[in-house]
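A.B. asks: Quick one: the structure is below, questions incoming.
Laboratory data are not the source of any read-out in this text; all were calculated from the coordinates shown. Everything quoted here is computed from the prediction, not taken from an experiment. Methodologically, a virtual Cβ is constructed for each residue, glycine included, from the backbone with ideal geometry; neighbour enumeration extends over all protein chains shown.
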Amino acid sequence: MTPLQLSDTDPAELAVDAIVVGLHATNGTGRAGPLLAPGAESVAVAFEGRLAETLGLLGATGAVGEVTKLATLGTVSAPVIAAVGLGPVPDEDGVPGETLRRAIASAIRALAGAGRVAVALPLPDDHASEADGIRALAEGALLGAYRFAGYKTKPQPGRRDPVRSVVLHVADAADKTARAEIKRAGIVTSAVTRTRDWVNTAPNDLRPPAFAAQVAEAAADAGLGVEVLDEKALRKAGFGGILAVGMGSEAPPRLVSISYAPKGATRSIALVGKGITFDTGGYAVKPPQGMWEMKSDMSGAAAIAAVMVALTALKPKVRVTAHLPMAENMISGTSYRPGDVVTMYGGTRVEILNPDAEGRIILADALVRAQEDAPDYLFETSTLTGGQVVALGKRVAGVMGDAALCERVRAAGDRVGEPAWPMPIPDEVRKGMDSEVADISQTNSGMDRAGHMLQGGAFLREFVTEGLPWVHLDIAGPAYHAGEPTGYWTKGGTGVPVRLLLELIDDIAANG
């Protein structure tokens, strides 16, 4: 990962390859051109007060994430100034953390090929808000420098290496709070990076046994408790849902359980994440266009595994267990079929109507298992439905379950820049899942794909004990970015919802 350090040395005097400064947009204010943001005063002095004007002549507008480069020609130590847009001049609360996070990531990515980069972007004056700003800048810089190692065997012409190191300019580089924020940002972004790497790995290299082995190794190396159930152990214990989905593949399914148990913790959390390492749709085979993105159908499990490893460094005082069902939804003579009845872990019998709605089947087994740990809270996350993308788009996750807990998840997502929006589970959606031959059908046949995200939530709710605060977080859209890089999202796995979950765990550890 890119090294990151603090400095209170005048940025104009730092021995770096580039300095990042901020620009505010001034549209509608009567001022022509952008306005230089606080933090770069000494750099502006070196340009005799004409830096913003010069950048404006080069086309800079101050729009969020827009990057404009300027050769300094010896006016300051760095040979290049990179001005990044921060949007309109903010109110007294300062530039929002998410704006800083996206802006610095855009600048760091635009400076690929540079060795050492200094960041002179505005931070609030008060101590608490300054810490939040430092966290946002540190996360954005580290995530903006991410690049998947990939499988290329030859050098790519014009492909520049990521920035090698970043220096954040702050008022006091020795401040303990600032240093703690840098340390935390490194831990959190390492978890995001780990998740992205797993999601971006080719599916032939990350089938269920391999994925389980990698997760178990990472967890064990971090000092966590780990248990892996193979297909024989799953069959013996009665995990019918995981086995049904996984039996169509020659790479058998797994269930990985991980535990974090700090001394003195009085509260407990259970996490469940979907680990479909590739989803063909089974006998409800998906269209070929875009099917390759189904390598990301294990994003929920990847995120939770990375979160568990991060907890050993962050050390929140709350017990956390994770249960990660892993399977490959393939087509063969042993695949499960529409019309099958599956006996789930715990005994519930489910009528299969759509083999492409496999995620809820493996998750239901894991949810029942997770409740055997008697958690105070239960969180499950998955790339569950295309309906989430239809309803909320590619940036906002859907959250269902206990109303108060859904609001808590939404608030945590807003704080870290991983938005989630509460969605209902209407009674009529569940009623249409009554089965004439089993306890429940897997989908609502009368609704087809209408309200498909809600159908997923309604099904999963059937496997949660009434009264237990629980949440289902559908990340089908936000977990994978197929377009060009934007903000701190590169192409491929995004690492959502790692930062949301870590924020939520911290909140529960502090406030119950």
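A.B. asks: Can you give the charge dipole size of region 196-254 about its Cα centre, rounded to the nearest 20 debye, using +1 on the beta carbon of Lys and Arg and -1 on the beta carbon of Asp and Glu?
C.D. replies: In debye, rounded to 20, region 196-254 gives about 260.
A.B. asks: With a Cα-only, solvent-free Debye model of region 402-512, what are the log10 I(q)/I(0) values at q = 0.11, 0.13, 0.21 Å⁻¹?
C.D. replies: For region 402-512, the Cα-only Debye profile gives -0.46, -0.63, -1.14.
A.B. asks: Specify which residue in the list 440, 211, 5 is farthest towards the positive end of the charge dipole of the chain, using unit charges on the beta carbon of Lys, Arg (+1) and Asp, Glu (-1), about the Cα centre.
C.D. replies: Going by the Cα projections, it comes out as 211.
A.B. asks: Below 8 Å, C-alpha to C-alpha, sequence gap of six or more: please give me the relative contact order for region 194-511 in percent.
C.D. replies: 21
A.B. asks: Could you tell me which of rounded, prolate or oblate describes region 439-485, using a ≥ b ≥ c as the square roots of the eigenvalues of the alpha-carbon gyration tensor, with rounded for a/c under 1.5 and, failing that, prolate when a/b is larger than b/c and oblate otherwise?
C.D. replies: Oblate.
A.B. asks: Next up: Which shape class applies to region 343-451: rounded if a/c is under 1.5, otherwise prolate when a/b exceeds b/c and oblate if not, where a ≥ b ≥ c are the square roots of the Cα gyration tensor eigenvalues?
C.D. replies: oblate
A.B. asks: Given a Förster distance of 30 Å, report the FRET efficiency between residue 129 and residue 44 from their Cβ-Cβ distance, rounded to the nearest 0.05.
C.D. replies: 0.80
A.B. asks: In whole angstrom, note down how far apart the Cα centers of region 193-231 and region 69-99 are.
C.D. replies: Comparing the Cα centres of region 193-231 and region 69-99, I get a distance of 40 Å.
A.B. asks: Between residue 267 and residue 177, 0.36 nm times their residue separation minus their Cα-Cα distance comes to what?
C.D. replies: 29.7 nm
A.B. asks: By how many degrees, between 0 and 90 and to the nearest 10, does the Cα long axis of helix 452-461 differ from the longest principal axis of the chain?
C.D. replies: 60
A.B. asks: Sticking with this structure for a sec: Taking θ as phi - 60°, what are the ³J(HN,Hα) couplings along region 463-469 by the Karplus curve (6.51, -1.76, 1.60), each to the nearest whole Hz, with x for Gly and Pro?
C.D. replies: Karplus values, whole Hz, x for Gly and Pro: 9, 10, 5, 4, x, 7, x.
A.B. asks: Can you tell me the dipole magnitude for region 455-512 around its Cα centre, using point charges on the Cβ only (Lys, Arg +1; Asp, Glu -1), in Debye to the nearest 20?
C.D. replies: 180
A.B. asks: Let me ask another. Which translational diffusion coefficient, to the nearest whole µm²/s, is obtained for region 205-259 from the Stokes-Einstein equation, given a Kirkwood hydrodynamic radius over C-alpha pairs, 20 °C and 1.002 mPa s?
C.D. replies: Roughly 185 µm²/s, to the nearest whole number.
A.B. asks: Mind giving me the FRET efficiency for residue 448 and residue 341? R0 is 30 Å, r the Cβ-Cβ distance, nearest 0.05 is fine.
C.D. replies: 0.90
A.B. asks: Put a dot 7 Å past each Cα toward the Cβ at residue 394 and residue 331; how far apart are the dots in nm?
C.D. replies: About 2.7 nm separates the two model spin labels.
A.B. asks: While we're here: Could you put 152, 295, 183 in order, starting from the residue whose Cβ has the fewest other Cβ atoms within 10 Å?
C.D. replies: Final ranking by Cβ density, sparse to dense: 152, 183, 295.
A.B. asks: While we're here: If you take the beta carbon distance between residue 1 and residue 462 as r and set R0 to 51 Å, what does 1/(1 + (r/R0)^6) give as a FRET efficiency, to the nearest 0.05?
C.D. replies: According to the calculation, E is roughly 0.75.
A.B. asks: Which angle between 0 and 90 degrees, to the nearest 10, do you get for helix 299-314 versus the longest principal axis of the chain when only C-alpha atoms count?
C.D. replies: Between helix and principal axis, roughly 60 degrees.
A.B. asks: Are there any chymotrypsin sites (Phe, Trp or Tyr not before Pro) in region 109-213 that are in a DSSP loop and have at most 10 other Cβ atoms within 10 Å? List them by number.
C.D. replies: 151
A.B. asks: Run the numbers on region 4-171 and let me know its relative contact order in percent, using alpha-carbon pairs under 8 Å that are six or more apart.
C.D. replies: So the answer I get is 29 percent.
A.B. asks: At what distance in nm do the modelled label points of residue 349 and residue 421 sit from each other, each positioned 7 Å from its Cα along Cα→Cβ?
C.D. replies: Modelled inter-label distance: 4.0 nm.
A.B. asks: Now for a different question. Among the lysines, select those whose C-alpha is under 30 Å from the C-alpha of residue 154, and discard any that sit fewer than 8 residues away in the same chain.
C.D. replies: Cα-Cα hits under 30 Å: 69, 295, 491.
A.B. asks: Next up: Indicate the gyration tensor shape class of region 194-511 (rounded, prolate or oblate), computed on the Cα atoms with a ≥ b ≥ c the square roots of the eigenvalues: a/c under 1.5 is rounded; otherwise a/b larger than b/c is prolate and the rest oblate.
C.D. replies: The shape class here is rounded.
A.B. asks: When the distances between all Cα atoms of region 1-107 are binned every 10 Å from zero, what whole-number percent does each bin get?
C.D. replies: Once binned at 10 Å, the Cα pair distances of region 1-107 give 15, 48, 33, 5, 0.
A.B. asks: How far, in nm, would the chain grow between residue 291 and residue 317 when pulled straight, counting 0.36 nm per residue and subtracting the alpha carbon separation?
C.D. replies: This chain segment gains 5.2 nm when fully extended.
A.B. asks: Oh, and also: What is the Cα centroid distance between region 288-353 and region 109-149, reported in whole angstrom?
C.D. replies: One Cα centre to the other: 34 Å.
A.B. asks: Oh, and also: Can you give the calculated 222 nm mean residue ellipticity of the chain, where each DSSP H run of n ≥ 4 adds -39,500 (n - 2.57) and the sum is split over every residue, rounded to the nearest 500 deg cm²/dmol?
C.D. replies: -10500 deg cm²/dmol, from helical runs alone.
A.B. asks: Quick one: if you stick a label point 7 Å off each Cα along the C-beta vector at residue 491 and residue 92, how many nm between them?
C.D. replies: Reported label-point gap for residue 491 and residue 92 is 4.6 nm.
A.B. asks: Where the only charges are on Cβ atoms (+1 Lys, Arg; -1 Asp, Glu), what is the dipole of the chain about its Cα centre, to the nearest 20 debye?
C.D. replies: The calculation lands at about 1240 debye.
A.B. asks: Another question about this same structure. Of all the stretches in the chain, which is the longest one without any exposed loop site, taking GluC sites (Glu not before Pro) in a DSSP loop (any state but H, G, I, E, B) with at most 13 other Cβ atoms within 10 Å?
C.D. replies: 93-249
A.B. asks: How long is the gain from residue 237 to residue 221 if the chain were fully straight, where each residue apart is worth 0.36 nm and the alpha carbon distance is subtracted?
C.D. replies: 3.0 nm
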